[in-house]
Amino acid sequence: MLNITYAPQDEALVQRLQRDLKRAHVEPAKPVLLLLLSPEVLTDPATEQAIASIQRQKGVIIPITVRPTEAPPAIAALEAVDFSAGYELDALLDRLVQDVPMHTKVRTAQVRASNRMMVYVLAILVLGMFALALLTIGGGLIAFPQEEYDAVDTEVAQTQQALVGPTLEAILPRSTADAENFELTVTALPRPVQPLAIGTATALPQEEE
């Protein structure tokens, strides 16, 4: 559980911090209090209550200085993460990883850099394998099995002939009258057979020549 104690004027900063901690997969395995130190937060009685509560739970307090001020005596010995000069998310993530056990691996700057490097390496390997495949195929080191393709085409043609050959033989035009009525004959055939009938009929005059 992670709680944040802050002054009302730091609401926007807290919303950004909560969003970024979620993206970084910060899931503490014990209670954590992020105390955003400012002159305003130290005047709020709720601050002392939050500190006392987290201490009773044996949790971890991480002070974050957003505006210069002295830390309350209860946490004076703790080193604060300095946000007074800028939004130092990576410094806070490093501190969390150092001081708090986590349920998941926190995406610190080092972890993010390692992940990016892994992505780059994988991308280079994939591109290298793709380029090698193109060179191998283009250079003729790997050839498509054309003989197998031809054998399959022949088998398909023979199967078609065995299945529909007798039907086509009976309807193919053999005279001028048959040719005149052939269009109606084709229309009456099942749709899958129509292209084969037309192609076979077209080939007949060429064979006779």
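Quick notes on this one:
- The listed residues are 26, 41, and the only one of them that is crowded, with 19+ Cβ neighbours inside 10 Å, at negative phi and more than 36 Å from the chain's Cα centre (by Cα) turns out to be 41.
- Checking each residue of region 121-144 against the condition of being at pLDDT below 90, surrounded by 10 or more Cβ atoms within 10 Å (Cβ to Cβ), of a type in the set (Gly, Ala, Ser) and closer than 30 Å to residue 12 by Cβ gives no match.
- Single condition residue 40 does not satisfy, out of (1) modelled with pLDDT of 90 or more; (2) outside any helix (DSSP H, G or I); (3) in contact with a helix residue (DSSP H, G or I) (Cβ under 7 Å, 6 or more places away or on another chain): (2)
- Any pair with Cβ under 8 angstrom, 6 or more apart, that starts in region 13-34 at a residue that is farther than 18 Å from residue 51 by Cα and ends at one that is surrounded by fewer than 13 Cβ atoms within 10 Å (Cβ to Cβ) and of a type in the set (Val, Ile, Thr): 25/104; 27/104
- Near pairs, Cβ below 7 angstrom, 6+ apart or cross-chain, from region 50-77 (closer than 21 Å to residue 97 by Cβ and touching a residue at least 12 places away in the same chain (Cβ under 8 Å)) to any residue that is basic (Lys, Arg) and part of a helix (DSSP H, G or I): 62/95
- In region 50-71, the residues that are assigned to a loop (DSSP other than H, G, I, E, B), within 12 Å of residue 36 (Cα to Cα) and not charged (D, E, K, R): 66, 68, 69, 71
The values are calculated or read from the model by the stated rules, or taken from the named source; none is laboratory data. Everything numeric here is computed off the predicted structure, so don't read it as measured data. A quick note on method: Cβ atoms are made from the backbone with ideal geometry, for glycine too, and the neighbour counts reach across all protein chains shown.
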